[in-house]
Each structure stands twice: as C-alpha cells, then as structure tokens.
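Each remark here refers to the structure printed beneath this line.
The values are calculated or read from the model by the stated rules, or taken from the named source; none is laboratory data. Remember, it's a predicted structure, so these values are computed and weren't measured experimentally. Positions of Cβ are backbone-derived with ideal geometry, glycine not excepted, and every protein chain shown enters the neighbour counts.
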Amino acid sequence: MSKAITSFVALDTHIDSIAIAVAPRGRQEPRFVGTVPPQWAALSKALSRVGKPEALQVVYEAGPCGYTLARQLRAQGYACEVIAPAKVARRPGDRIKTDRRDALLLARAARAGDLVSVMIPDEREEAIRDLTRSREDAVRARLKARQQLKAMLLRHGHRYSGRSSWTAAHERYLARSLSSIRRRTSPMPSTAAPCVRGTRALRTSPRR
C-alpha cells in the first residue's frame with residue numbers, strides 16, 4: 001500500500017448512476033459521498049472533493065460497464081483497481097443490497113486489503129475479447145436456428161437421409177423441402193429462411 005494514499009474510494013457502478021463511498025486511512029468509519037450520473041465530468045468533480053488523485057485509491061467491481069472507467073481514472077493519475085465481485089466477502093444472510101451499502105462495503109474492504117483485483121486490458125485486448133464473444137454468440141444463435149429448422153422439417157414429415165448435414169447436398173435438400181412446405185403453408189416459418197441463407201457464414205471461419 002502506498003504511503004501517499006490517504007483515502008480509499010469505492011464506486012458502485014451502474015448503467016445510469018455511480019454511487020461513491022470513501023474510507024479514510026485509519027479506523028474512521030467509511031462515509032457515503034453520494035450518487036452521480038455515469039459521466040466523467042460528474043465523477044471527476046465528485047472525486048476532486050474527496051482528495052487529490054495521488055492521494056486516492058479507487059476501486060470498483062468488474063461488470064457490464066467494462067474497463068473504460070478504469071483507463072480514464074488511471075490516465076488522470078488515480079490509482080484504480082477493478083475488483084473480482086465473487087471475491088468480495090459478504091456477511092452470511094446479508095441479502096439487503098443497495099448502492100449505498102455496496103459502496104460502503106467495498107470501501108471498507110479496500111482499506112483492509114481484502115479485495116482481489118483483475119487484470120485491466122488495454123483497448124486492443126478488450127476489442128479482441130468483444131470479437132471472440134460476438135463470434136461465440138453467433139455460433140450459439142446458428143445452432144439454435146438449425147435445431148428449430150430441423151424440428152420444423154420433421155413436423156412436416158421431411159427426414160434427411162444423407163450422410164452429413166449442412167453440406168452443399170444438404171442445403172439443396174433444404175431448399176427443396178422448404179419449397180414444398182411453402183407451397184402448402186403460407187407464410188413460411190420465420191426461422192427457416194435466415195438459417196438457410198446463413199448456413200455457411202461461420203463454417204468457413206477459422207477455429208480458435
């Protein structure tokens with residue numbers, strides 16, 4: 001712990017607000033500073049009232065708000081750590097969660113040194129993570145669409161007798177089957193057409 005740090009600031013971040021609590025070095029009880037909009041100007045103003053950047057240790061839990069805030073704080077001279085939420089010690093049976101209580105708990109734990117931080121990726125690393133997650137989401141969506149398409153064909157009495165699915169031969173079979181179903185039912189179920197059009201979209205992408 002740096003001797004220059006005089007206060008430990010905890011941020012309970014949300015999509016529409018940031019709750020701020022501070023625990024001074026020593027044994028003084030943490031205090032709740034307030035809640036500000038999730039905008040850098042508002043947060044910076046609130047932190048300036050707590051102390052100088054070099055005197056503050058700022059922490060917040062990893063979550064959907066990402067790491068942009070941590071990079072902004074570090075760029076302005078603040079010592080900032082992003083905390084693993086699962087590693088934050090909570091009292092058994094403490095089920096009442098509010099932004100104020102969460103921020104005070106985090107500030108107290110930061111002062112005690114009881115928090116476990118995670119690595120803060122740079123913008124390039126985070127972009128690669130986002131791309132990987134997007135591909136995984138697309139793979140899951142494709143699998144679900146294929147399952148729905150096969151189930152729909154089976155309900156209409158169409159069974160593929162070929163050796164492998166989602167090949168060129170299978171796509172020709174799908175086109176014939178869907179054309180037959182379209183003639184009997186209108187409109188064609190919405191899950192079929194996108195699946196057929198995109199059946200090759202991920203097949204050619206390299207495996208990780």
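Some values worked out for this structure:
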| read-out | value |
| --- | --- |
| Test: residue 185 is modelled with pLDDT under 90, surrounded by 15 or more Cβ atoms within 10 Å (Cβ to Cβ), polar (S, T, N, Q) and over 30 Å from residue 21 (Cα atoms) | no |
| Unique match (being at pLDDT 95 or above, among the hydroxyl-bearing types (Ser, Thr, Tyr) and either over 20 Å from the mean Cα position of the chain (by Cα) or surrounded by 15 or more Cβ atoms within 10 Å (Cβ to Cβ) (or both)) among 60, 67 | 60 |
| Search result, residues across the range 133-156 that are at pLDDT 95 or above and under 15 Å from the mean Cα position of the chain (by Cα) | 134, 135, 136, 137 |
| Residue count, the range 133-179 (criterion: exposed (fewer than 12 other Cβ atoms within 10 Å of the Cβ), of a type in the set (Lys, Arg) and over 30 Å from residue 66 (Cβ atoms)) | 5 |
| Some residue of the range 94-101 being farther than 19 Å from residue 24 by Cβ and crowded, with 20+ Cβ neighbours inside 10 Å | no |
| Residue among 42, 46, 10, 79 that is surrounded by fewer than 16 Cβ atoms within 10 Å (Cβ to Cβ) and either small (Gly, Ala, Ser) or on the phi > 0 side of the Ramachandran plot (or both) | 42 |
| Condition check for residue 153: under 30 Å from residue 31 (Cβ atoms), touching a residue at least 12 places away in the same chain (Cβ under 8 Å), aliphatic (A, V, I, L, M) and not in a loop (DSSP other than H, G, I, E, B) | no |
| Neighbours by Cβ (under 7 Å, 6+ apart or cross-chain): first from the range 49-75, over 19 Å from residue 115 (Cβ atoms); second aromatic (Phe, Trp, Tyr) and assigned to a loop (DSSP other than H, G, I, E, B) | 53/78 |
